[in-house]
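Everything below concerns the one structure shown next.
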Amino acid sequence: MKTLASLQKKAKRNKNQVISIADAADKEVLEAVKRAKSEEMCSFILFGNKQDIRSIAYTIDLDLSSPGIMVEDVKDPAEAAVKAVSQKQADILMKGNVTTKDLLKAVLSEKFGLRTGHVLSHVALFEIPNRDRLLFLTDAAMNIAPTLKEKVEIVNNSVKVAHAIGLNNPKVAALASVEVVNPAMQATIDAAALTQMQKRGQITGCIIDGPLAFDNAISIEAAMHKKIVSEVAGNADMLVVPTIDVGNALYKSFMYFAGAKVAAVISGAKAPIILTSRADSAESKLYSLSLALLSSKTF
Ligand SMILES: CCCC(=O)SCCNC(=O)CCNC(=O)[C@H](O)C(C)(C)COP(=O)(O)OP(=O)(O)OC[C@H]1O[C@@H](n2cnc3c(N)ncnc32)[C@H](O)[C@@H]1OP(=O)(O)O
């Protein structure tokens, strides 16, 4: 798949889903709602301050009384939106104008959250200008410094999302700063372990190689220059990063330096969670919604 727009076309087949938005008082979020409604993609429950939501909706000509849109006036939109999903009034959760941390805390709540006993992790899918295919990145937003055990679950979550969009055996690069194992660099040891675990069938549904540095993960020339012989080097479909800081900086540099478009979800919870940066465009939020609709069958 080459473009995120093709996700949107596929996602339209899954029309009966309800999206619960944690604080919809945000122009880009409501613009995404308007576009999704005009394409009849799904229905929405908008949680937040009703008056604020109304004021913004008015400025973009979004009719809040149209069928398939409900507005709920609440003081704690993160908690209310998560509860709606855990009580099955909605199928998918979407981050609106709340911080990632506040939303994730509600998602992880013992009382009403969306935990499954597995690791929850962030999966981002980028369309990058001049690249011939989409690129997955995980985990740029939830797990701060995952252990090897957590990285295995992070890979599994991301591979599930890849399968949901029809990418059946993604090539996964386990990133580090260098492409050789250095016992002083934990990221290289974990990357080598992930590679061996895939070779021994402990991780399935993908091909992993690592450690790979960013250049030889995504550039054939860089891989050839370093004489790396591997199915993944230079051809990665997915980057697994050692820490949130590496992932988050890559996410934002793809967006700001390379002019990328993104679709992003949290995988591994009871339901898909749409989680982009608050600064991301309405288009990216719409693509994320498409990715969540496509993933929802696999959760
Ligand atoms: C990329 C675009 C968007 C962005 O830029 S986002 C910006 C960067 N992201 C962030 O700031 C969020 C980073 N992560 C965090 O702050 C924290 O890890 C997070 C997710 C809020 C959780 O922290 P706390 O609420 O302090 O929770 P905690 O660590 O004490 O754990 C509470 C219980 O939840 C569990 N938990 C935490 N992370 C989990 C995970 N990934 N999957 C499954 N379970 C998880 C944890 O084991 C604990 O369980 P228990 O209560 O001991 O049974």
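Overview of results
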| item | result |
| --- | --- |
| Solvent accessible area, Å² - Arg54, 1.4 Å probe, full protein context | 130 |
| Most to least accessible of His118, His225, His163 (protein chains only, probe 1.4 Å) | His225, His118, His163 |
| Global form of the range 222-299, assessed from the alpha-carbon gyration tensor, a/c cut-off 1.5 | prolate |
| Theoretical FRET efficiency, 1/(1+(r/R0)^6), r = Cβ-Cβ of His163 and Glu110, R0 30 Å, to 0.05 | 0.50 |
| FRET efficiency estimate (nearest 0.05) - Cβ-Cβ, Met185 to Thr99, R0 22 angstrom | 0.10 |
| Fully extended contour minus Cα-Cα distance, from Lys50 to Thr147, at 0.36 nm per residue | 30.7 nm |
| Placed amide H near Leu4: partners under 5 Å, 5+ positions off or other chain | none |
| Accessible surface of Val119 - all protein chains present, 1.4 Å probe, nearest 10 Å² | 20 |
| Protein accessible area in the range 166-299, 1.4 Å probe - carbon and sulfur % | 56 |
| Value in Å of the Kirkwood radius, where the range 158-245 supplies the Cα pairs that are averaged | 12.9 |
| Three-way shape label, the range 1-122, alpha-carbon gyration tensor, a/c 1.5 | oblate |
| Debye-sum result for the range 100-255 in log10 I(q)/I(0), which assumes one identical scatterer on each alpha carbon, at q = 0.18 Å⁻¹ | -1.08 |
| Between the range 166-206 and the range 262-296, the Cα center-to-center distance that results, in Å | 25 |
| Asp76, Asp209, reordered so the largest accessible area comes first (probe 1.4 Å) | Asp76, Asp209 |
| Label-point separation in nm, Lys252 to Ser6, each point 7 Å along Cα→Cβ | 3.1 |
| Along the chain, longest interval not containing exposed GluC sites (Glu not before Pro), exposed being DSSP loop plus at most 13 other Cβ atoms within 10 Å | 111-230 |
| Efficiency of FRET between Asp61 and Ile220 - r from beta-carbon atoms, R0 41 angstrom, step 0.05 | 0.30 |
| The range 1-74, relative contact order [Cα under 8 Å, separation at least 6], % | 33 |
| Cα-projected label distance for Lys27 with Lys199, points at 7 Å along beta-carbon direction, nm | 5.3 |
| Helical mean residue ellipticity (222 nm; -39500 (n - 2.57) per DSSP H run of 4+; nearest 500) of the chain | -11500 deg cm²/dmol |
| Residues of the range 41-61 with amide N under 20 Å of the 7 Å Cα→Cβ point at Arg13 | 41-43 |
| Under the Debye formula (equal points on every Cα, no solvent term), log10 I(q)/I(0) of the chain at q = 0.08, 0.11, 0.12, 0.14 Å⁻¹ | -0.34, -0.62, -0.73, -0.97 |
| Interchain or long-range residues, amide H under 5 Å from Ile274's placed H | Leu93, Met94, Lys95, Ile266 |
| Mean accessible surface per residue for the chain, computed with a 1.4 Å probe while every protein chain stays in place, in Å² | 45 |
| Spatially proximal lysines relative to Lys34 (Cα-Cα < 21 Å; intrachain offsets below 8 disregarded) | Lys9, Lys10, Lys12, Lys15, Lys50, Lys95, Lys261, Lys285 |
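The values are calculated or read from the model by the stated rules, or taken from the named source; none is laboratory data. Since we're looking at a predicted model, the values are computed, not measured. A quick note on method: Cβ atoms are made from the backbone with ideal geometry, for glycine too, and the neighbour counts reach across all protein chains shown. Ligands, DNA and RNA are excluded from the accessible area calculation, which covers all protein heavy atoms including side chains. Shrake-Rupley method; radii C 1.70, N 1.55, O 1.52, S 1.80 Å.
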